[in-house]
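Since the structure comes first, as structure tokens, the remarks are kept for the end.
Every read-out reported here was derived from the displayed coordinates using simple, explicitly stated rules and does not represent laboratory data. Keep in mind that what you see is a predicted model, and the values were worked out from it rather than measured. Reconstructed Cβ throughout: ideal geometry from the backbone, glycine too, with neighbour counts over all protein chains shown.
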Amino acid sequence: MATPAEPPRRRVVPAGAFITTVEHPLIITNDWPTCLIPAYAKQRFFGSVFDCTTFYHIIHNLDSSYEGRIYLNKREDVYWLHGLPTDLLVDPHWHNFVINPSRCVLLQCDGWGTVSPSYRDELMNEGGKGNASPLAPLLRRHHHPFATPNGIPIKLRLERLKKLGFRNHWEAKAALQRHYFNFEKGDESIPLLAFIGRITQQKGVHLIVELAENLIRRYNGRVQILVGGMANWNDGYAARCANQMMDLRARFPHSFWADPGEFFCNGALVNLGADFGLMPSLFEPGGIVQHEFFIAGTPVVAFRTGGLKDTVREGSVTPGLGGGKISVESARQNNGFTFDAYTAGDFLFAIERALRVFR
């Protein structure tokens with residue numbers, strides 16, 4: 001460790017971890033690939049080098065598929081590989097024998113944080129909110145975990161939008177309508193709803209698929225839905241959604257577009273040209289896409305979960321307007337529309353509130 005008379009020395013740590021060069025060093029680890037770092041330091045694999053170091057872990061997603069779990073037979077032992085005490089990696093009370101790096105970091109780090117206050121509460125099941133993580137008892141061992149919404153570099157994003165070459169939202173929207181919906185020229189009066197993201201169950205694409213035909217027929221084809229994302233055809237959920245989307249595109253070519261077989265490259269154009277972004281995520285620790293829409297001036301229709309709950313705000317119903325309507329003035333003070341019940345019906349109701357403001 002550096003003394004006041006000598007300059008701080010840099011230490012090499014695995015990718016995804018950050019170190020400060022101050023009198024009492026702080027190492028920040030991110031997600032499961034770096035989860036063993038605090039354990040190696042505190043088990044003194046490096047002697048006394050890290051004895052005065054504080055280890056802080058940032059959780060971006062603690063869904064079971066993001067914990068880094070390795071399922072083994074109970075007779076298997078990979079101590080030869082990791083060299084750490086088994087109890088740091090394996091919970092003996094779990095039914096399966098699972099090597100879990102995320103368990104290890106929560107037992108060895110000095111504190112943790114995550115990407116939104118609501119997601120922190122959901123993980124720990126604070127106040128009975130949401131489904132607690134299987135690691136909730138370990139999360140609760142740390143007092144006052146830090147949480148703040150994700151952000152994105154605004155200046156860089158604005159520069160990217162500017163490079164598209166469109167003067168405003170309407171020009172970008174017309175370009176989308178010509179390119180994806182076979183219009184000869186744009187039609188400002190038709191609302192354009194857009195999803196950008198992976199075709200996965202977490203992102204809730206099935207809710208879009210379930211309501212699409214109903215919405216298109218209800219508005220006599222004068223609504224457009226764009227789904228920009230690629231499907232993994234080996235995943236049953238993604239394949240089902242992809243097949244349904246291709247059917248919708250074939251039957252409603254002027255109202256529905258998706259190409260789940262190709263990587264979607266026009267995210268920035270959609271951010272600028274869509275009238276509303278769609279984010280029906282089943283869970284969303286922080287969320288980045290809503291911020292990309294917001295920077296382009298586009299409101300978002302989102303399920304109230306995790307970081308979406310913290311960042312997407314809907315105006316309250318305005319007395320005297322009737323029909324559960326929201327005033328334009330109220331909408332301008334907020335940035336989207338939300339739904340609380342995870343159903344296609346409640347999602348559709350939120351979209352219709354958005355469309356009433358649009359029209």
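So here's what we get for this one:
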{"quantity": "Radius 13 Å from Cβ of PHE276, net charge of other residues (Lys, Arg +1; Asp, Glu -1)", "calculated": "+1"}
{"quantity": "Dipole of the chain, positive end: most advanced residue of GLY315, GLY345, SER102 [Cβ charges, Cα centre]", "calculated": "GLY315"}
{"quantity": "Highest average packing first - 40-46, 52-58, Cβ atoms within 10 Å", "calculated": "52-58, 40-46"}
{"quantity": "Charge tally in the Cβ shell below 15 Å around CYS265, where Lys, Arg are +1 and Asp, Glu are -1, CYS265 excluded", "calculated": "0"}
{"quantity": "Size of charge dipole - the chain - debye, nearest 20, with Cβ of Lys, Arg +1 and Asp, Glu -1, no other charges", "calculated": "640"}
{"quantity": "Charge dipole of the stretch 154-358 about the Cα centre (unit charges at C-beta), most positive-ward option of GLY297, VAL209, GLN177", "calculated": "GLY297"}
{"quantity": "Cα→Cβ-extended label distance, 7 Å offset, between ILE152 and ASP110, nm", "calculated": "3.4"}
{"quantity": "Packing-based order for 68-80, 287-299, using average beta carbon neighbours within 10 Å, highest first", "calculated": "287-299, 68-80"}
{"quantity": "Difference of contour (0.36 nm per residue) and Cα-Cα distance, PHE358 to THR86", "calculated": "92.1 nm"}
{"quantity": "Evaluated at q = 0.15, 0.18 Å⁻¹: base-10 log I(q)/I(0), Debye formula over Cα of the stretch 17-147", "calculated": "-0.73, -1.01"}
{"quantity": "Evaluated over the stretch 210-295, the Cα radius of gyration and Dmax, each in Å", "calculated": "13.5, 36"}
{"quantity": "Stretch gain in nm, segment TYR79-HIS143, where the contour uses 0.36 nm per residue and the Cα spacing is subtracted", "calculated": "19.9 nm"}
{"quantity": "Highest average packing first - 240-253, 158-171, 192-205, Cβ atoms within 10 Å", "calculated": "192-205, 240-253, 158-171"}
{"quantity": "Assigned charges on the beta-carbon of Lys, Arg, Asp, Glu; the stretch 17-147 dipole about Cα centre (debye)", "calculated": "180"}
{"quantity": "Helix-only [θ]222 nm of the chain, DSSP H runs n ≥ 4, -39500 (n - 2.57) each, per residue, nearest 500", "calculated": "-9500 deg cm²/dmol"}
{"quantity": "ALA136 versus ASP340: modelled label distance in nm, points set 7 Å from Cα along the beta carbon direction", "calculated": "2.0"}
{"quantity": "In degrees, nearest ten, helix 236-251 long axis to first principal axis of the chain (Cα)", "calculated": "20"}
{"quantity": "ARG251 versus ASN168: modelled label distance in nm, points set 7 Å from Cα along the beta carbon direction", "calculated": "3.7"}
{"quantity": "The stretch 154-358, Rg to Rh (Cα coordinates; Rh as Kirkwood inverse mean 1/r)", "calculated": "0.94"}
{"quantity": "Additional length obtainable on full extension of the chain from ARG217 to PHE263, 0.36 nm per residue less Cα span", "calculated": "13.7 nm"}
{"quantity": "Surface/4 estimate of mean projected area, convex hull on alpha-carbon atoms of the chain, nm²", "calculated": "22.7"}
{"quantity": "FRET efficiency, PHE45 to TYR66 (Cβ-Cβ, R0 25 Å, nearest 0.05)", "calculated": "0.45"}
